[in-house]
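**Student:** Let me begin by handing over the structure; questions about it come next.
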Amino acid sequence: MSEPEDPRWLDRIAAELRREVPVRPAWRARLLDEVARAPKPSVRADVDDAFGDRRRRWSVTIGPLGSLAAATLLVALGAGATYVAMSRVGANAGQRPAQSAARATSPQLVSGAPPSAEREVVRFELSAPRASHVALVGSFNEWNPVATPLSREPATGKWVVSLRLPPGRHVYAFVVDGDVTADPSAPRAADDDFGSPSSVVLVSSPRT
Amino acid sequence: MSVRLLTLAVAFAASAGAARAQEVDRTLPSQLSAPTRATLDRLIDSARVAGLPVDPLYSKVREGVFRSAEEPRVIAAVQRLTRDLGDARAALGDSAGAEEITAGANALRAGLHPADLSRLRESRARRSDHPLTVALVVLADLATRGVPPAMAAASLNELVARNVSDGSLLSFRQNVERDLVGGRSPASALDARTRAMIDDERRRP
């Protein structure tokens, strides 16, 4: 579900809700009488006692159109939030909690991921003491510069990130304060079609 | 700047035809114009019909968008990669997997000839089911770092023919790189490290 293209859509819905619905005067008077005769809603005394004056009671009265609009708004917000969350999950599909990252400190093949996951933990590390922001871009995150930021490790001062990558050959680069740089300690990719070189990481199958 | 990749998964030992769990977004970025997307769609479809791996092509497009490349440059990069993938597959044989083909294309881009790739394939006679991906990655890396491609190819042929493991090939690459950084000439570094690696393999039980 996508958000309407016109950003004024909320204003339009509000204006439509504010528009007075034509009702015959006799019906209006009868409706008001019914409302006046209706018993007040009861409130549980124990709840009132428990919260006392600290609890403020909020009451919002909305009509059928208002309910519909509120429901629409909630669905739209929910869909939007889901979309954003799914986008982040997709972009960071390889990220993994810290305890698994610790397993990746060996310079050798890192195994131990559940076979069904078909992924291996790979730890990327960069020493860039003067950098204020470092990110990882590559074929595994659609070259999205905001998907995989590195964080500075307090103990070493290095920028690190651990990803769970699917088996295969992945091309990547670091983005250091906006500048793209290859990883000089890793094999270099020769296909620098766009000006600056990239690096290659090979990930084995967890089953091999 | 000191950069270090701590973990390099070294043994890319999946069989050549094994399915790959790559999760590449096979859509074209919306930032590109409609005519460019249409052109890229045609190119990628042609590659797919030809049986070439298409994930590297989608990744190349996204890399171009990330690097703010002009659209004609993105198209040219995809055309060139498609051609290299086709040449690599022809050199490595129909049984080559997607990763081998992609690594082979990268090696061609680094200055290797298709004949170098074919010779490498023949060199692994004793391990005919073992993918050449790591060897090809090392080969491309050495050529990119200034080692003459013909020399690099000859060294890798020697090592692959002697059944050197993928992990050892990656160590070999690191050692050559260290020598180059230390000021040694590419030819000298390559020769010394190749001999050392062969000696190590001989001593191994």
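The values are calculated or read from the model by the stated rules, or taken from the named source; none is laboratory data. No experiment lies behind these values; they were computed from the predicted model shown. Cβ placement follows ideal geometry from the backbone for every residue including glycine, while neighbour counts extend to all protein chains displayed.
**Student:** For residues that are surrounded by fewer than 21 Cβ atoms within 10 Å (Cβ to Cβ) and of a type in the set (Ser, Thr, Tyr), scanning just segment A:167-190, find the one that is nearest to the other protein chains (Cβ to nearest Cβ).
**Tutor:** A:Ser185
**Student:** Would you point out which residue out of B:Ala14, B:Ala21 is surrounded by fewer than 20 Cβ atoms within 10 Å (Cβ to Cβ), modelled with pLDDT under 95 and among the hydrophobic types (A, V, I, L, M, F, W, C)?
**Tutor:** Exactly one residue qualifies, and that residue is B:Ala21.
**Student:** Based on what the data block shows, is A:Ser162 surrounded by fewer than 23 Cβ atoms within 10 Å (Cβ to Cβ) and either more than 8 Å from chain B (Cβ to nearest Cβ) or in contact with a Lys or Arg (Cβ under 9 Å, 6 or more places away or on another chain) (or both)?
**Tutor:** No: the conditions fail for A:Ser162.
Yes or no, residue by residue, for (1) at pLDDT 90 or above; (2) surrounded by fewer than 20 Cβ atoms within 10 Å (Cβ to Cβ); (3) touching a Pro at 6+ places or on another chain (Cβ under 8 Å):
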site: A:Ala102; (1), (2), (3): no, yes, no
site: A:Leu126; (1), (2), (3): yes, no, no
site: A:Val137; (1), (2), (3): yes, no, yes
site: A:Glu153; (1), (2), (3): yes, yes, no
site: A:Thr156; (1), (2), (3): no, yes, no
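**Student:** Can you tell me which condition B:Gly64 does not meet? The list is (1) of a type in the set (Gly, Ala, Ser); (2) in contact with a helix residue (DSSP H, G or I) (Cβ under 7 Å, 6 or more places away or on another chain); (3) closer than 30 Å to A:Gly178 by Cα; (4) away from chain A (no Cβ under 12 Å), and all the others hold.
**Tutor:** (4)
**Student:** Select, from B:Ala110, B:Ala150, the only residue that is of a type in the set (Gly, Ala, Ser), closer than 15 Å to A:Arg188 by Cβ and out of contact with any strand residue (DSSP E or B) (no Cβ under 6 Å at 6 or more places or on another chain).
**Tutor:** Sole residue among the options that is of a type in the set (Gly, Ala, Ser), closer than 15 Å to A:Arg188 by Cβ and out of contact with any strand residue (DSSP E or B) (no Cβ under 6 Å at 6 or more places or on another chain): B:Ala110.
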